[in-house]
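Read the structure below first, then the notes.
The values are calculated or read from the model by the stated rules, or taken from the named source; none is laboratory data. From a predicted model like this one, the values you see are computed outputs, not experimental measurements. Here the Cβ positions follow ideal geometry from the backbone for every residue, glycine too, while neighbour counts run over all protein chains shown. The area values use the complete protein model at the heavy-atom level, side chains included, leaving out ligands, DNA and RNA. Shrake-Rupley method; radii C 1.70, N 1.55, O 1.52, S 1.80 Å.
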Amino acid sequence: MIPLKTSIFLMFSLAGFIPLSAADVPIPYPEALDGAAVIQTSIDDIKRKAMVIGNGDINALVHTSGNDIVLTTTKNDVWDCRMNTSQDPPLPSVNVREHTWKGVWGAPPSWRDNKYPTQVSFCDIRLSAGTGISHAKLDLRRASAEISALPGITRIRALYQSNLFLIETPGEIVLEGRSWDFLPDPESGTTGDVNWIKQVFPGDGDYKGMEVFVVLKEVGDHKAIAVVSSYDSDNPLADAVKLVEDLIDTGIKTSIQIHQESWREFWSKSGIELADQDFQNWWYRQLYYFRCFSKPGVTAMGLQAGVDRLAGWHGSYKINYNICQTFWTPFAYNHPDLAEPWIEHLYQLLPRARWFAKAGYGCEGAAFFSDTWPHETDPANAASNNQHQIAYLPWGYTMGMSGMAIQNLWNHYLYTRDTEYLKKRIYPVIREVAIFYCSYLEQCRRDNTGKAIIGPSYNPEHGRFGTDNNPYDLAYVRLTLNAAITSAEILNLDQELVRRFKSNLLMVPPYHTTPDPEQDNQPVFADWRGAGIDSVTTYNIVVPVVPLFPGEQFSWFSTHEEKELCKRSIIYVQNRYNHNNSDLMINVARARLSMTSDALNASRSWYKKHEQPNGLFFQQAHGYYMSEQTAVGALVNEFVLQSVG
């Protein structure tokens, strides 16, 4: 457990309680929140020292270049979403009934030969800071960055209430478009007394393309910068100009007050106070980071939230683990609304997921490929090769991924009990994935007990393609079917489908095990049907732990035998994983079974080693500003739960 002083506050609105207005609820631990502010004497390294500001949609990395302060700027919906599939081989496909598959192994030309699809930073806002930068502070409570230099102080905010950066600085300001070799050069111009930058993102026939405007208006030492895309508005330049003019009409002082009060309300919903300063700071910093990149009504953040460079893996929503860890986070923070962009993304992706279930597996329902992006085209309207789908074996064909993708939709309902949102957005997606699993299981071979042999599939991210009964798949088939049954019964819908869901749930086999000679030949979870103890020698994703976490099929309330099996599986993998992805997964799993001392020591050691001067973390083999790091705060909550009672 976390020793000594430990407190956590969550403000819930539950039926039967008298609700408080937001203005009545104070920030629970203001000293702890203020203590998590990030203070540096230099911000001259965009990777390690940049201060992050954002309002959930627009964001910037604040750093210095020479004597200038630079805001490297992006926006959640600004992506180059072209896909050139013209040279790709036919879409890989799986024949479940015959337990066969066909398709080219590895990345196709659309993935390998192009930098797009990708998110980009499209503008540098450059401020003349003078000389002698001596102090830089990121104030989490008020969501402002303050930089001290000669001749004065610069204050930067991304306004909570609108897509505006508000900068107070005595120096000069310039907008600079960022050039990329795969995009048209940025354009610039003047409209009245405002300056603007325009970046065009071409289409490709199926994807319509987009444009984004950055507009600057100066009022003395105050600079207002609006960012509007063509997904926000049919006339983004005019609406960006209106944003900066509205700010002036509202008044700068009033706008700052609205911004600070909105953040005060945000921080009032949860808080933490710990004896361990590191864990306490990580909790607040990661919640702040999440809110900079997420809020209801915007495009979901991608694999890399802050854009200091082109992200690896085309910045995709990587659903075999990474992006699901990101959006697992908000619930433990008491901010379930921050997961809504992910829910909306999957809901809007249903036409493509239904098509992929049929084209990739010959199944009904909806299946999500391992990589998705914003602004995906409905395959029914796509004329390009493979209907504008990048697909590849083996990584993209883990059948359990679709269940992992919908897990946070189900978590949203479990935390909020919002039946209207369940009916409108959550159940439609869970229902379609459950149908996919039924269609898949109904075509599977049967073992000698009558259970389905669930495959061919892929153990993420290890071994060969074509394995069966991976624990990852089994956990997420169970989770999805149970969530679909419960949702339908709550909503009093789909009685016939519920019978189908229940029938197929009975067909899911038990987990396979294999003896571990290092633990007196007692069983641990096997990686697939027939796998031995050394079938996987190094784990990227610790799959034998998945049934416990994040698959949540076992818990502290499981039987003694089941908990011991889970513990042995943790011990088995703990010296066999490469630390690229699974540090959080294995330590939450440890905490769930009160292996807390190991979890605390391992987490503190790993994250302290990778903490950067700006308070964020470097992720091994991935880079800086990865969105999944936000789950470190939820990991701290797991430890706090172990400290209660």
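Each residue of segment 628-633 is assigned a 3J(HN,Hα), and the resulting list reads 5, 4, 4, 6, 4, x Hz, derived from the Karplus form 6.51 cos²θ - 1.76 cosθ + 1.60 (θ = phi - 60°), x at Gly and Pro. Out of the total accessible area of the chain (probe 1.4 Å, heavy atoms of protein only), what percent is carbon and sulfur? Of the solvent-accessible surface of the chain, carbon and sulfur hold 49 percent.
Segment 464-543 and segment 351-424 have Cα centres spaced 19 Å apart. Counting only Cα atoms, segment 409-505 measures 42, 29, 17 Å along its principal axes, largest extent leading.
Binning the C-alpha pair distances of segment 291-413 at 10 Å intervals from 0 yields a P(r) profile of 13, 45, 34, 9, 0 %, listed from the shortest bin outward. Relative to the longest principal axis of the Cα atoms of the chain, the long axis of helix 560-573 lies at roughly 60 degrees. Relative to the 2.2 N^0.38 Å rule of thumb, segment 204-249 has a C-alpha radius of gyration ratio of 1.37.
Taking every Cα-Cα distance in segment 445-579 and sorting them into 10 Å bins starting at zero, the pair-distance distribution P(r) comes out as 12, 39, 34, 12, 3, 0 percent.
What the phi angles of segment 170-187 give under the Karplus curve with 6.51, -1.76 and 1.60, with θ = phi - 60°, is a coupling list of x, x, 7, 9, 9, 8, 10, x, 9, 8, 10, 6, 10, 10, x, 4, x, 10 Hz, glycine and proline written as x.
Protein heavy-atom accessible surface, 1.4 Å probe, per residue over the chain: 36 Å². Against the main long axis of the alpha-carbon atoms of the chain, helix 427-443 sits at an angle near 30°.
Restriction of the chymotrypsin sites (Phe, Trp or Tyr not before Pro) in segment 525-600 to DSSP coil positions whose beta-carbon has at most 10 other beta-carbons within 10 angstrom yields F557. A protection proxy built from the mean count of other Cβ atoms within 10 Å ranks the segments 39-45, 62-68, most packed first, as 62-68, 39-45.
Here is the list for segment 87-186: chymotrypsin sites (Phe, Trp or Tyr not before Pro) lying in DSSP coil, each with at most 15 other C-beta atoms within 10 angstrom of its C-beta, are F182. The alpha-carbon atoms of the chain define a convex hull whose volume equals 156 cubic angstrom per residue.
Multiplying each eigenvalue of the alpha-carbon gyration tensor of segment 225-331 by 5 and taking the square root yields semi-axes of 29, 24, 11 Å, largest first, rounded to whole angstroms.
Which is the longest run of the chain containing none of the GluC sites (Glu not before Pro) found in DSSP loop states (not H, G, I, E, B) with at most 14 other C-beta atoms within 10 Å? If you can, show how the numbers build up before the last one.
Numbers: sites that count: E98, E172.
Counting at most 14 other Cβ atoms within 10 Å as exposed, the longest clean stretch of the chain is 173-645.
Listed values for segment 110-119 are Karplus-derived 3J(HN,Hα) couplings in whole Hz (6.51 cos²θ - 1.76 cosθ + 1.60, θ = phi - 60°), namely 4, 8, 6, 9, 10, 7, 8, x, 6, 8, and x replaces Gly and Pro. According to the square roots a ≥ b ≥ c of the eigenvalues of the Cα gyration tensor, what is the shape class of segment 343-386, taking rounded for a/c under 1.5, prolate for a/b larger than b/c otherwise, and oblate for the remainder? It comes out oblate by the Cα gyration axes. Compute the long axis of helix 471-491 from its Cα atoms, compare it with the longest principal axis of the Cα atoms of the chain, and write down the angle in degrees, 0 to 90, nearest 10. The answer is roughly 80 degrees. Extending 7 Å from the Cα toward the beta-carbon at both E564 and T191 defines two label points whose distance is 7.1 nm.
Amide H contacts for D77 (H built 1.01 Å from N in the peptide plane; partners 5 or more residues away or on another chain; cut-off under 5 Å): T299.
Could you quote the convex hull projected area for segment 173-231, Cα atoms only and averaged over all directions, in nm²?
Quarter of the Cα hull surface area: 4.6 nm².
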